[in-house]
Amino acid sequence: MAHTTYDLVVVGAGMTGAGVALDAASRGLRVALIDGGDVASGTSSKSSKMVHGGLRYLQQREFRLVYENLRERRRLLENAPFLVRPLPFLVPLFGRNGVASKALVKGYSTALRIYDLSGGWRIGQRHRKITRDEALAHLPTLNTDRLVAGFLYYDARGDDARVALALAKTAALDFGADVATYVRCVEILHDPTGRVNAVVAHDLLADATFTLTTRAVVNATGVWADDVFTMTEHTPSHRITPAKGIHLSVPRHRLPADVAAVLNVPGDRRSIFVVPFEEAAFTYVGTTDTAYDGDLDEPHCTSEDIAYLLAAVNASTSSSLTTSDVTGLWAGLRPLLAPVDGKAVKARTADLSRRHQVTDSRDGVVHITGGKWTTYRLMAEDTVDALGPYVTDLKGGRTKRLRLHGVGPWRPTSEREIHLFERFGEDAKVILDLIAANEELGECPIEGQPYVGAEFVFSVRFEMATSLIDLLTRRTRAHLHDARATLRGAARVGALVAPVLGWSDEELQRQLNEYESLVRREFSAAGLTL
């Protein structure tokens with residue numbers, strides 16, 4: 001990379017940055033994608049994992065945003081069908097004496113009709129009202145004393161980390177982009193005319209600094225975007241307002257659900273989601289939406305966050321969840337656009353716009369801020385379009401119908417093949433070959449988790465995983481399902497990948513210690529015991 005002249009260096013390998021790299025590379029640009037961490041190690045692996053239009057945005061009269069979200073949802077379903085799939089959503093209706101408020105029913109009915117007309121219908125299903133018994137069949141612990149009926153509408157789900165990884169893989173394997181993780185941008189250089197001409201980067205794993213020659217730079221660093229703004233403008237920037245969202249996991253038998261559910265939070269004008277994990281016997285709950293002013297590198301769930309979500313679930317169900325039911329948790333930061341003119345945030349972060357903004361610094365650096373991962377493709381296209389003044393013969397975008405790496409004609413025929421296909425697409429065949437050559441790689445090293453040993457080996461050989469944390473938190477979601485069980489199985493995973501990565505016994509122990517430290521920090525911050 002230090003000996004290549006690039007048309008574009010993209011800083012930040014989250015959903016948006018990986019999308020920018022793919023969009024630019026597919027237009028014929030020579031692209032480098034770098035990130036100070038792993039692919040999607042920031043916000044892009046810590047979302048609610050839903051590809052949706054955002055029903056609540058209708059309340060904020062963000063009709064165009066909903067339309068764009070639903071249009072991009074359709075494109076993701078078409079371009080990455082093995083990673084993104086339709087998901088029914090239940091809206092339970094509660095009332096008194098078996099009757100729900102007419103205003104409440106009319107309000108939901110109207111909103112869902114607008115949602116369908118905005119593009120929701122393109123998923124192949126329209127919303128419908130369902131009976132009390134039908135609602136209970138989907139979420140059996142709903143409060144039967146107040147449950148009257150429900151609505152069912154349709155959105156989609158996707159593993160955010162694996163979608164971002166698929167974007168990066170497609171950019172690299174199909175269009176020749178160079179991707180490097182754990183490489184941090186430390187300086188952006190300009191020529192005598194003031195035009196950007198290089199990025200100075202530090203390789204954290206090798207502890208080495210090198211320079212990338214480039215004609216343009218895209219800042220796609222999410223909540224860290226102000227750092228790059230400050231780097232290029234040489235004055236402190238405050239364009240981003242981070243908002244924290246947390247999620248927690250519980251065993252499926254404690255909160256059984258075969259669809260996602262939308263539950264109102266008493267007294268807070270908000271709602272939360274209850275979503276069944278596809279690949280494991282757990283259900284997750286989220287999300288909060290609160291202003292954040294802490295460490296951007298490692299936000300944590302607090303005991304107050306956990307209490308908020310548990311209380312919201314318990315208000316609508318008979319599950320009576322407690323902190324002892326929590327098996328996994330995660331916290332992420334939304335990179336919301338700060339109010340104009342640098343004014344203090346007076347509105348709740350839940351009310352701030354989820355729109356994105358492309359900013360051209362007029363020196364060859366283009367910044368993409370705000371937005372949400374459902375619209376990553378549109379954000380990427382708008383960003384690359386803005387590069388016109390800095391690269392020659394920029395072609396039109398082609399990602400609207402661009403299938404991601406892993407899409408192909410092969411289809412699974414067994415339960416194991418289905419599990420692998422829904423995570424790797426056609427690359428599942430490589431994993432099956434690994435198992436055929438070594439049957440032990442077909443075993444699950446983590447109790448209660450569906451991931452087989454060959455998945456971990458594949459991820460270090462072909463998906464740039466460099467640590468146990470990469471493997472357990474992003475290449476698989478074992479850590480999010482059940483961190484305690486994952487901690488118990490971490491040594492078995494480490495033993496599988498150590499020979500491939502060339503780890504010594506000392507390095508393997510260091511990796512195990514780092515993962516254990518992460519689990520302890522997260523659980524301690526949330527007031528949970530291991």
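The values are calculated or read from the model by the stated rules, or taken from the named source; none is laboratory data. Keep in mind that what you see is a predicted model, and the values were worked out from it rather than measured. Cβ coordinates were reconstructed from backbone atoms using ideal geometry, including for glycine residues, and neighbour counts include every protein chain displayed. Surface accessibility is based on the protein's heavy atoms, side chains included, excluding ligands, DNA and RNA. Shrake-Rupley method; radii C 1.70, N 1.55, O 1.52, S 1.80 Å.
Residue count for region 456-470 under the criterion of being open to solvent by less than 10 Å² (accessible area, probe 1.4 Å), in a helix (DSSP H, G or I) and either closer than 27 Å to residue 283 by Cβ or among the charged types (D, E, K, R) (or both): the result is 4.
Mind checking which residues of region 382-405 are open to solvent by less than 30 Å² (accessible area, probe 1.4 Å) and part of a helix (DSSP H, G or I)? Scanning region 382-405 gives 383, 384, 399. Within region 87-95, is there a residue that is farther than 30 Å from residue 22 by Cβ, open to solvent by 40 Å² or more (accessible area, probe 1.4 Å), at pLDDT below 95 and out of contact with any Leu (no Cβ under 7 Å at 6 or more places or on another chain)? No, every residue in region 87-95 fails to be farther than 30 Å from residue 22 by Cβ, open to solvent by 40 Å² or more (accessible area, probe 1.4 Å), at pLDDT below 95 and out of contact with any Leu (no Cβ under 7 Å at 6 or more places or on another chain). The set of residues in region 81-125 that are of a type in the set (Phe, Trp, Tyr) and assigned to a helix (DSSP H, G or I) comprises 108, 115, 121.
Here residue 108 does not fit the description of being of a type outside the set (D, E, K, R) and surrounded by 22 or more Cβ atoms within 10 Å (Cβ to Cβ). Given the condition in contact with a helix residue (DSSP H, G or I) (Cβ under 7 Å, 6 or more places away or on another chain), touching a residue at least 12 places away in the same chain (Cβ under 8 Å), on the phi < 0 side of the Ramachandran plot and in a strand (DSSP E or B), answer yes or no: does some residue in region 188-202 qualify? Yes, region 188-202 contains a residue that is in contact with a helix residue (DSSP H, G or I) (Cβ under 7 Å, 6 or more places away or on another chain), touching a residue at least 12 places away in the same chain (Cβ under 8 Å), on the phi < 0 side of the Ramachandran plot and in a strand (DSSP E or B).
Out of 486, 473, one residue alone is over 29 Å from residue 178 (Cα atoms), under 23 Å from the mean Cα position of the chain (by Cα), hydroxyl-bearing (Ser, Thr, Tyr) and part of a helix (DSSP H, G or I). It is 486.
Of all the residues in region 256-309, those that are at pLDDT 95 or above and among the polar types (S, T, N, Q) number 3. Here residue 69 clears all of (1) open to solvent by 10 Å² or more (accessible area, probe 1.4 Å); (2) assigned to a helix (DSSP H, G or I) except the condition numbered (1). Against the condition without any contact (Cβ under 8 Å) to a residue 60 or more places away in the chain, open to solvent by 10 Å² or more (accessible area, probe 1.4 Å), β-branched (Val, Ile, Thr) and farther than 26 Å from residue 254 by Cα, how does residue 413 come out, does it pass? Against the criterion (without any contact (Cβ under 8 Å) to a residue 60 or more places away in the chain, open to solvent by 10 Å² or more (accessible area, probe 1.4 Å), β-branched (Val, Ile, Thr) and farther than 26 Å from residue 254 by Cα), residue 413 qualifies.
Residue pairs whose Cβ atoms lie under 6 Å apart, sitting 6 or more positions apart in sequence or on different chains, and linking a residue in region 390-410 that is aromatic (Phe, Trp, Tyr) to a partner that is surrounded by 15 or more Cβ atoms within 10 Å (Cβ to Cβ), are 390/215; 390/216; 390/364; 410/426.
Do the conditions hold for residue 446, that is, is it touching a Phe, Trp or Tyr at 6+ places or on another chain (Cβ under 6 Å) and touching a residue at least 24 places away in the same chain (Cβ under 8 Å)? Spelling it out, it is not the case that residue 446 is touching a Phe, Trp or Tyr at 6+ places or on another chain (Cβ under 6 Å) and touching a residue at least 24 places away in the same chain (Cβ under 8 Å).
Taking region 205-233 as the range and being open to solvent by 50 Å² or more (accessible area, probe 1.4 Å), in contact (Cβ under 8 Å) with a residue 40 or more places away in the chain and part of a strand (DSSP E or B) as the test, the residues that pass are 211, 213.
In region 276-305, of all residues being among the β-branched types (Val, Ile, Thr) and surrounded by fewer than 23 Cβ atoms within 10 Å (Cβ to Cβ), the one that is nearest to residue 330 (Cα to Cα) corresponds to 302.
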